[in-house]
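The values are calculated or read from the model by the stated rules, or taken from the named source; none is laboratory data. The model shown is predicted, which means the values in this text are computed figures rather than measured ones. Cβ placement follows ideal geometry from the backbone for every residue including glycine, while neighbour counts extend to all protein chains displayed. Surface accessibility is based on the protein's heavy atoms, side chains included, excluding ligands, DNA and RNA. Shrake-Rupley method; radii C 1.70, N 1.55, O 1.52, S 1.80 Å.
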Amino acid sequence: MEAGGSRRSATTRKRKSAALMVMGEGSPAPSPAAAPDPGAADHDGGGDGRDLHLSDLPDDVLRKIISVLPMKQRGRTQILAKRWLPLWRSLPLNIDCGEIARSNDGKLGDVLQRIISFHRGDCHRFCIRPLLAMNMENDAAVDACLLSPALNKLKELEFYRRPWHNWQRMPAPTSIFRFSPTLCVAQFGHCTLTDDIVQGLHFPQLKKLGLDYVFLSEFSLTSMIAGSPSLEVLLIIQCSGARCLRINSFTLRSIEVGNSSPDPSMEELIIESAPHLERLFHLDQNQDLHVSVLSAPKLETLGCCTNSTRLVFGSTDIHQGPRIAIGRVSTALCRIKSLHLSMRTLCLDMVIELMRCFPFLEKLYIQCEKSGTKNLWRRKHRDLLRSFDIRLKKIVLDCYRAKKPDIDFVTFFVLNARVLESMTVLVKRNDEEFLAKQRQKLLLESKASDGAEINFVLKVDANPGTYYSISL
């Protein structure tokens, strides 16, 4: 009995050591003597009076638990018990090169190949981001990994190439396009896609395509979209080469363009036919973009920069400037329900003109760099308020500086938006004195919509993703 127990113990130690080594660690760390083993209990269905252990859960539940863990912890689940050994291997492999490099002093080395050979299953996601792609050794490890048969059924690819001197973009390796028949999500960055590589490519299952700081011609860009008959989301950021893009897609639902680039970039976007397009965004204040929408019957969400986006809906030209010339409101404009604005300065006149262009707006999101000079409205827009119905239900303002133009802007909606449900104002302070003053200055006691909630949200500059909400 002792000999048999010793053999089983030695086998367990070897399995633990192998699981840790494959994740890039030199040797397994000693586990505390008193640490409980989640898989120690026999999996016999459980009986009365026996504690429930993690390993008592069905395999499908355990696979879901493993699937949400970071890659390193996924591999470590094999050391818990013999029953856990096949679970990690039965799940599709998710390779994040950044996660591996953080555990190995920024290097990938042969860890990638060890993971692939030990897992023995299909890899569904492969990711290498720009900062990691700055090391020639890492490039070699990635290139070798891309040729592995384990990636033959790859579903998601996020590939950034290491740039040359002065951030010149290198040609993308042809090996990444061998996955075109199976890819559902693809993002390419910091590389050049040449016509000879792109020509003839077909992405039958691709639903999301992202291009970030990529050089490609108008021919290549059009070919990639035309060769993706299932494409739903298109994201183009800081790309150059293509000056004009014409969209004819039955499946596209969302398009986002940020065309700021040191090289000549996109100047015109024409939506010729997109029957299922719902979202259209221009994200860049520093580069002009002429957007023409000829046919997009389901377009409801629009994002634009007031100083750099020129919008044309059918025959209606909406020129965004100090004064906006508006033609007869078309059916296409009446379909817009949500508007996202990026503004240099907070300008109420411009927002009012846009509300007149899009008379059925329900949601308004505004991001501005600084307060305007004047946002007076009581006399100037008195006649408009008698005849114009503000349908807005939700407003978000980023960011409120509590200056008079800001106060006038907010009070316009507080006192005149009769169906408003919520207004969120991002601020840089939230002390009691500040909140009391704003409640008084914004005339919240006299709001036109009794049910409207006015919320101040603290915007933390040190961490833009962190907010603290206070409801007034």
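Here F203 passes the criteria (1) part of a strand (DSSP E or B); (2) touching a Gly at 6+ places or on another chain (Cβ under 9 Å) except the one numbered (1).
Summed over the range 171-209, residues that are open to solvent by less than 10 Å² (accessible area, probe 1.4 Å) and either more than 23 Å from the chain's Cα centre (by Cα) or under 20 Å from A242 (Cα atoms) (or both) total 8.
Out of the residues in the range 403-448 meeting the condition of being basic (K, R) and in a helix (DSSP H, G or I), tell me which one is surrounded by the fewest Cβ atoms within 10 Å (Cβ to Cβ).
If we filter the range 403-448 for residues that are basic (K, R), which is where we start, we get 403-404, 418, 428-429, 437, 439, 441, 447.
Pick out the ones that are also in a helix (DSSP H, G or I) and you get 404, 437, 439, 441.
On the way: K404: 14, K437: 12, R439: 14, K441: 15.
Residue satisfying both the conditions and the ranking: K437.
Scanning the range 238-252 for residues that are surrounded by fewer than 19 Cβ atoms within 10 Å (Cβ to Cβ) and among the hydrophobic types (A, V, I, L, M, F, W, C) gives C244, F250. Taken over the range 253-290, residues that are surrounded by fewer than 19 Cβ atoms within 10 Å (Cβ to Cβ), in a loop (DSSP other than H, G, I, E, B) and not polar (S, T, N, Q) amount to 9. The residue list K393, K404, K374, K441 contains one member that is within 30 Å of N307 (Cβ to Cβ), at pLDDT below 90 and assigned by the TED database to the domain that holds M343, which is K374.
Is it true that some residue in the range 370-390 is touching a Lys or Arg at 6+ places or on another chain (Cβ under 8 Å), surrounded by fewer than 15 Cβ atoms within 10 Å (Cβ to Cβ) and within 26 Å of H282 (Cα to Cα)? Looking for residues that are touching a Lys or Arg at 6+ places or on another chain (Cβ under 8 Å), surrounded by fewer than 15 Cβ atoms within 10 Å (Cβ to Cβ) and within 26 Å of H282 (Cα to Cα), one finds at least one in the range 370-390, hence yes. In the condition set (1) at pLDDT 90 or above; (2) out of contact with any helix residue (DSSP H, G or I) (no Cβ under 7 Å at 6 or more places or on another chain); (3) within 24 Å of L302 (Cα to Cα), F358 is compliant with all but (2).
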